[in-house]
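Trainee: Structure incoming, see below.
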Amino acid sequence: MTTPQTDDFFEKYGLRILRTIRQIIRAVDIHSRKLNSEFKITAPQMICLYSLQRQGRMTLSELAEHVNLGKSTVNGIVDRLEEKALLSRTRSTVDRRRVYLEITEQGVKLTESAPSLIQDRLATALKKLPELEQAAIALSLERVAQLMGAEDLDASPNLLLNSPNESKIKDA
């Protein structure tokens, strides 16, 4: 049973919280759509390219671990990036079972021209805040996830939505 006080509280804070969650979801969606429409690449593909650019040559398993996605998901992403000539696979001359992934020159050009990932912009902005404010934001968001019953969901730190162009993302 609700009382006028709880209704006032929900009007004052609950709707603000829900609206803010929706804004975050929309920001991720808009960023993903922009990448797809302007650069013909999905956010998960871009995350993999950025990782290869920053870390250098990796195996599929190493890339999957680095981007916090399942190996089968990353394998599908790599297939599409290879079709677009944004990365290449090279078999090891020492151990023929090992296949290395490397970003191509065309892939490097794309990463240099595309907008930064939304989580990178967020991380940069958060680092500028005092540590106490960073902790308060983290605690508040963890509490919101708990209130939504989502605290036990496995989640990647990558801000991306499931894309129809990608296989099912394990932890997004």
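Trainee: Which pairs turn up if I take residues in the range 114-126 that are within 18 Å of residue 39 (Cα to Cα) and touching a residue at least 24 places away in the same chain (Cβ under 8 Å) and look for partners that are of a type in the set (Phe, Trp, Tyr) and in a helix (DSSP H, G or I) with beta carbon separation below 7 Å, at least 6 apart in sequence or on another chain?
Mentor: 114/39; 117/50
Trainee: Can I ask one more? Out of curiosity, is residue 64 part of a loop (DSSP other than H, G, I, E, B) and of a type outside the set (Lys, Arg)?
Mentor: No; evaluated as a whole, the condition is false for this residue.
Trainee: Ok, one more. Just to check your reading of the model, which residue among 94, 78 is of a type outside the set (Asp, Glu), in a helix (DSSP H, G or I) and more than 21 Å from residue 116 (Cβ to Cβ)?
Mentor: 78
Trainee: Just checking, which of 23, 45, 53 is within 17 Å of the chain's Cα centre (by Cα), surrounded by fewer than 13 Cβ atoms within 10 Å (Cβ to Cβ) and among the polar types (S, T, N, Q)?
Mentor: It is 23.
Trainee: Here's something else I'd like to know. Go through the range 34-61 and count every residue that is in contact with a Lys or Arg (Cβ under 8 Å, 6 or more places away or on another chain), part of a helix (DSSP H, G or I) and not aliphatic (A, V, I, L, M).
Mentor: 2
Laboratory data are not the source of any read-out in this text; all were calculated from the coordinates shown. Quick caveat: nothing in here was measured; it's all calculated off a predicted structure. Every residue, glycine among them, receives a Cβ derived from its backbone with ideal geometry; neighbour counts consider all protein chains shown.
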